[in-house]
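*Asks:* Take this structure first; my questions come after.
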Amino acid sequence: MTTSKKFLHAIFLGAMLLGAQSFAQETYSLEYKFTKGKTYLYSAVSMNNVTQEMGGQEMKFSGNNWFTLRALVDEVKNGSTALIVSADSAVSRSKSPMRDTTMVLTNLIGKRIRITLSKSGDILSRDIIDSVQSPGQMRGAQRELLTLMTLPTKPVKFGDKWTTTKIDTVDQMGGKIISSTQFEFSLSGKEQKLGHDCLKIPFTGKTTTNGNMKMQGMELFVEGGGKISGTFYFDPVEGLSIFVDSLTDSETTMAATGQQQMTIPITSSVKSTMTLIQE
């Protein structure tokens, strides 16, 4: 190889190395960038399978939920965003040994809740605007209509990881259920998703649940845990969650006290997606 060819070859290799290093060191400061006055529509779909054992008898249940969610940006101020969230449509289908049921959740449709978020997606407050005149389970669904994944508060580059903890308390059936999830996210690369140039962010997590409820005169104590995994696709330029898919597997024990004492083990698996369908 002549001296000039060696020189050109060295320049080419140097450029490649510099390009690779630049890609590896590219950093992102991620935040949600909702536009005041704009409305975003999301599709939320979940499929669940539940197995419980009671009195030595195993029972299996399954269900599907389909929601179209409306998020109107009410205010953007001091690094936080207030969204007015409601359901445009809500359908729930359940299948059990007793019966199969499909319900349109009319009591929930159109009922608004004001959710204030930080730039990273942490929920700062929830304020009910329109109360749902339904059992506690429906009110709990209203609180959790729109859940956004948490972004890192510091700049990240490919290969970086960050952790967050989400703790929530829900009033349910005359008691309180406290759930906690410890997430670990990682920035793995770029990918086109639904017409957006997205960052691909896989995540895993551990969940714990405990609390108590009342049903038919019995007090029920709930305790359990599980694991969650999935992938989060985020558009860093528009500052929007584009698509999230997740799988949650959990093992829960429900113990009844009073005249009828029993322990009910419950195994559940939930697959869910959250998709931006209009902006």
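*Asks:* Taking a 27 Å limit on the Cα-Cα distance, which of the listed pairs 33/193; 77/271; 95/214; 111/161; 154/176 fall beyond it?
*Replies:* Numbers: 33/193 18 Å; 77/271 35 Å; 95/214 24 Å; 111/161 37 Å; 154/176 34 Å.
Where the Cα-Cα span goes over 27 Å, the pairs concerned are 77/271; 111/161; 154/176.
*Asks:* Mind putting a number on the dipole of the chain about its Cα centre? Charges go on the C-beta only, +1 for Lys and Arg and -1 for Asp and Glu, and I need it in Debye to the nearest 20. Each step should come with its number before you reach the end.
*Replies:* Numbers: 30 positive and 26 negative charges, 103 e Å.
Roughly 500 debye, rounded to the nearest 20.
*Asks:* While we're looking at this one, here's another question. For the stretch 163-279, compute the orientation-averaged projected area of the C-alpha convex hull (one quarter of its surface), in nm². Don't skip to the end; give the middle numbers.
*Replies:* Numbers: hull surface 34.2 nm².
The number I arrive at for the stretch 163-279 is 8.6 nm².
*Asks:* When the Karplus curve 6.51 cos²θ - 1.76 cosθ + 1.60 is applied with θ = phi - 60°, which whole-Hz ³J(HN,Hα) does each residue of the stretch 174-188 get, with x for Gly and Pro?
*Replies:* For the stretch 174-188, the Karplus curve yields x, x, 10, 10, 9, 10, 9, 10, 9, 9, 10, 9, 9, 8, 9 Hz.
*Asks:* Using a Gaussian network model of the chain whose springs link C-alpha atoms within less than 10 Å, name the residue from 70, 99, 126 with the highest mean-square fluctuation.
*Replies:* 99
*Asks:* Now a separate question. Neighbour counts of other C-beta atoms within 10 Å: give me 245, 74 arranged from fewest to most.
*Replies:* Working: 245 15, 74 18.
By the 10 Å Cβ count, ascending, the order reads 245, 74.
*Asks:* How much net charge surrounds residue 77 when only the other residues with a Cβ under 13 Å from the Cβ of residue 77 are counted, with Lys and Arg +1 and Asp and Glu -1? Kindly include the intermediate steps, with their values, before the conclusion.
*Replies:* Details: positive: 36, 119; negative: 74, 75.
Counting the neighbours of residue 77, the net charge comes to 0.
*Asks:* Under 13 Å between alpha carbons, and skipping anything fewer than 8 positions from residue 227 in its own chain: which aspartates and glutamates qualify?
*Replies:* 184, 249, 251
*Asks:* Something else about it: Spelling out what I want: for every residue of the stretch 123-132, take phi, set θ = phi - 60°, compute 6.51 cos²θ - 1.76 cosθ + 1.60 (Karplus), and round to whole Hz; glycine and proline get x.
*Replies:* Couplings: 7, 8, 6, 10, 10, 6, 8, 10, 6, 8 Hz.
*Asks:* With the dipole of the chain worked out from charges on the C-beta (+1 for Lys and Arg, -1 for Asp and Glu) around the Cα centre, which of 35, 110, 263 lies farthest toward the positive end?
*Replies:* About the Cα centre, the residue reaching furthest to the positive side is 35.
*Asks:* Here is a follow-up. To the nearest 10 degrees, how steep is helix 3-25 against the longest Cα principal axis of the chain, on a 0 to 90 scale?
*Replies:* With rounding to tens, the tilt is 20 degrees.
*Asks:* What percent of all Cα-Cα pairs in the stretch 192-255 falls in each 5 Å bin, counting up from 0?
*Replies:* 4, 16, 17, 12, 11, 11, 9, 8, 7, 3, 1
*Asks:* Under the definition of Cα pairs under 8 Å and six or more residues apart, what whole-number percent is the relative contact order of the chain? Please report the intermediate quantities before stating the final value.
*Replies:* Numbers: 679 pairs, mean separation 48.8, N = 279.
The value is 17 percent.
*Asks:* Work through the residues other than residue 221 whose Cβ is under 13 Å from its Cβ and net out their charges, Lys, Arg +1 and Asp, Glu -1. Mind dumping the intermediate values first?
*Replies:* Working: positive: 176, 214; negative: 219, 223.
The answer is 0.
*Asks:* Same structure, new question: Report relative contact order for the stretch 158-229 in percent, whole number only (criteria: Cα-Cα under 8 Å, sequence separation at least 6). Don't skip to the answer; put the middle values down first.
*Replies:* Working: 155 pairs, mean separation 20.0, N = 72.
Averaging sequence separation for qualifying contacts and normalising by length gives 28 percent for the stretch 158-229.
*Asks:* How large is ³J(HN,Hα), in whole Hz, for each residue of the stretch 150-161 in order, when computed from phi with the Karplus curve 6.51 cos²θ - 1.76 cosθ + 1.60 and θ = phi - 60°, using x for Gly and Pro?
*Replies:* 8, 8, x, 8, 10, x, 10, 10, 4, x, 6, 10
*Asks:* Which cross-chain or sequence-distant (5 or more) residues have an amide H under 5 Å from the amide H of residue 30, H modelled 1.01 Å from N in plane?
*Replies:* 156
*Asks:* Let me ask you something else. So what is the 222 nm mean residue ellipticity for the chain from helices alone, if each DSSP H run of at least 4 adds -39500 (n - 2.57) and you divide by all residues, rounding to the nearest 500 deg cm²/dmol?
*Replies:* The per-residue figure over the chain is -3500 deg cm²/dmol.
*Asks:* In the neighborhood of residue 233, defined by Cβ-to-Cβ distances under 13 Å, what is the net charge if each Lys or Arg adds +1 and each Asp or Glu adds -1?
*Replies:* Working: positive: 190, 193, 200; negative: 191, 197, 235, 238, 245.
Net charge around residue 233: -2.
*Asks:* Among 192, 49, 141, flag the residue with its Cα farthest along the positive direction of the charge dipole of the chain, charges on Cβ as +1 for Lys/Arg and -1 for Asp/Glu.
*Replies:* 192
Every number here is computed from the coordinates shown, using simple stated rules; none is lab data. Quick caveat: nothing in here was measured; it's all calculated off a predicted structure. Glycine also receives a Cβ, built like all others from the backbone with ideal geometry; neighbour counts cover every protein chain displayed.
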